[in-house]
Amino acid sequence: MFDKLTQQPPDKILQLMQMFKEDPRTDKVDLGVGVYKDATGLTPIMRAVKSAEKKLWELEDTKSYTGLAGDAGYHDAMIDLMLSDAVEREQVAAAATPGGTGAVRQALELIQMASPDATIWISAPTWPNHPSIIKYLGMPMAEYRYFDAETRAVDFSGMMTDLSQAKSGDVVLLHGCCHNPTGANLNASQWQEVADLLSSKGLIPFIDIAYQGFGDGLEADAYGVRHLAKTQTELLIAASCSKNFGIYRERAGCLMAVSRDSAKTKLNQSSLAFLNRQNFSFPPDHGTRLVTMVLTDPALRSEWETELEAVRNGMLGLRQQLATALQKRTGSDRFGFLADHRGMFSRLGATEDQVIRMREDHGIYMIGDSRMNIAGLNEATIPVLADAIVATDV
Ligand code: LMR
């Protein structure tokens, strides 16, 4: 049997992570995988998380199983964080999942179970694992235009034109905020237009939101998801706690299914629990428990929000510094989009060849499509990157 297996295509993000590790240069710059780093290059454990962990160690008296969908306190805390008062609690079914990727996977399986012919519309470009999982599951998939390569902003008219081709019942996968890989995001009025289109065409939104709090703030980043929760009859949300709580390896994610009535929510809840059981039985608990403690303890929550704001403002500062450094070197505003983008990533707009040259000649690692992790920069490496961008004629 094993001889029938073939070499799988490497994941480009994880492959680059490995290449960076193996590069002996000491002045190399890692702008690859989407992991937050502070100015010293460390991915710190947030203070609020560390305090919660200490408390949990003292208080936790069993490691026995929780519910199949995870802990109810976690569902409540995540629904409140994501949706606030946009919907009633009984409109939302929720399940803990192994990370945001686990939530994406479970959501797709739920769609496959409920509506196997639905086409999943993904943005062009999107996080590469989206099409990879959709293809793996054998689900119909189509792309909608999203990014204007010239302006490096959202190609909104292209997006609306393409989505108007979708058929009733199709699913539209949207990034809730901090679009990965481009950094270009919908504004409030564009979210409203998207919502109107989804309603009028009978399309079902599926939001992947992995960076709440990294863009314009916890509340502002939830604008799109809350607006769709208020206006659409059905909505799926795959949320990740990896980045905004800095608990990447704990694998804490949450899948939410919003419907209009509590009877549907009960059905959805049973499907989410069933799907967890089929795939891994019980979801990881440790990270979700830390998240619940941080979100529900006022002192921990306020500490976490302060830390998260510092992370967010740090990235905004780096964006501004990089845009200014490039403005000085080129005498033009053509890199101004770097300051307008939000979240961890920006797509620079370099060719694959230029990306390779920046890596080989300057030790700068970005994804092949020229996605840069802004959090990988610091005051010392911004001029290095700006020089490399200019030297490579981007
Ligand atoms: C990324 O896009 O770099 C992160 O979401 C990490 C991953 O799993 O790809």
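At a probe radius of 1.4 angstrom, the accessible area of segment 11-136 per residue rounds to 51 square angstrom. Placing dummy labels 7 Å off each Cα toward the beta-carbon, the span from Lys230 to Thr26 is 5.6 nm.
If I fit a long axis through the Cα atoms of helix 188-201 and take the longest principal axis of the Cα atoms of the chain, what angle between them do I get, 0 to 90°, rounded to 10? It is inclined by approximately 50 degrees.
Restricting to DSSP loop positions (anything but H, G, I, E, B) with no more than 11 other Cβ atoms inside 10 Å of their own Cβ, which GluC sites (Glu not before Pro) remain in segment 1-96?
Those that pass, being in a loop and sparsely packed, are Glu60.
Computed 3J(HN,Hα) for segment 220-226, one whole-Hz value per residue from the Karplus formula 6.51 cos²θ - 1.76 cosθ + 1.60 where θ = phi - 60°, is 4, 5, 8, 4, x, 5, 5, glycine and proline marked x. Simple rule: put +1 on each Lys or Arg Cβ and -1 on each Asp or Glu Cβ in the chain, find the dipole, and look at Ile45, Val35, Met19; the Cα lying farthest toward the positive end is Met19. Against the empirical curve 2.2 N^0.38 Å, the C-alpha radius of gyration of the chain lands at a ratio of 0.98. Annotation note: trypsin sites (Lys or Arg not before Pro) in segment 84-192 located in DSSP loop regions with a Cβ neighbour count of at most 14 within 10 Å are Lys167.
Computing FRET efficiency as 1/(1 + (r/R0)^6) for Lys63 and Glu352, where r is the C-beta to C-beta distance and R0 is 51 Å, gives about 0.60. Grab the beta carbon distance between Phe282 and Asp11, set R0 = 30 Å, and tell me the FRET efficiency rounded to 0.05. Between Phe282 and Asp11 the formula returns 0.70. For GluC sites (Glu not before Pro), the sites in segment 348-388 that DSSP calls loop and that have at most 16 other Cβ atoms within 10 Å are Glu379.
Around the amide H of Phe345, modelled in the peptide plane, lie the amide H atoms of Ile374, all under 5 Å away and 5 or more residues distant in sequence or on another chain.
Accessible surface of the chain, 1.4 Å probe: 53 percent of it comes from carbon and sulfur atoms. Could you point to the residue in Gly376, Phe337, Ala273 farthest towards the positive end of the chain's charge dipole, with +1 and -1 charges on the Cβ of Lys/Arg and Asp/Glu respectively? The Cα lying farthest towards the positive end belongs to Ala273.
Using a simple spin-label model with pseudo-atoms 7 Å out from Cα toward Cβ, Ile45 and Gln320 lie 3.3 nm apart.
Here Arg89 and Lys201 are evaluated by their C-beta separation; at R0 = 25 Å the FRET efficiency comes out at 0.30. The length gained by stretching the chain between Ser302 and Ala273 to full extension, at 0.36 nm per residue less their Cα-Cα distance, is 7.3 nm.
The values are calculated or read from the model by the stated rules, or taken from the named source; none is laboratory data. Only a predicted model underlies this, so the values are computations on that prediction, with no experimental measurement involved. Neighbour counts run over all protein chains shown; Cβ positions are idealised from the backbone, glycine included. In case anyone asks, the SASA skips ligands and DNA or RNA and just uses the protein heavy atoms, side chains included. Shrake-Rupley method; radii C 1.70, N 1.55, O 1.52, S 1.80 Å.
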